[in-house]
């Protein structure tokens, strides 16, 4: 990721596949780290017009160049 001529380098530390109502993992605090949380939808169900799963990925900032 780049911002203001600096490159921010993140390392994925955790990832989970969860049901849509399970959100606690996405909001866990990572002590003493700057981090990103990416939440995506997965397994679309046309019959209910909804997604059956979500993938949550947690990444920690490891370097700024």
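Readers should treat all values here as calculations from the given coordinates under stated rules, not as data from a laboratory. Being a predicted model, the structure only gives us computed values, none of them experimental. Cβ atoms come from the backbone with ideal geometry, glycine included; neighbour counts cover every protein chain shown.
Worth pointing out:
- In plain terms, the residue of 65, 15 with the fewest other Cβ atoms within 10 Å comes first and the most crowded comes last, giving 65, 15.
- For 58, 13, order by how many other beta-carbon atoms lie within 10 Å, fewest first: 13, 58
- Cβ-derived FRET efficiency at R0 30 Å, residue 21 paired with residue 62, nearest 0.05: 0.40
- Relative contact order (%) - criterion: Cα under 8 Å, at least six apart; region: the chain: 48 percent
- Cα-based equivalent ellipsoid of the chain: semi-axis lengths in Å, sorted from largest, via gyration tensor: 29, 14, 8
- Here the spin labels are modelled as points 7 Å beyond Cα on the Cα-Cβ line, and at residue 49 and residue 33 they lie 3.9 nm apart.
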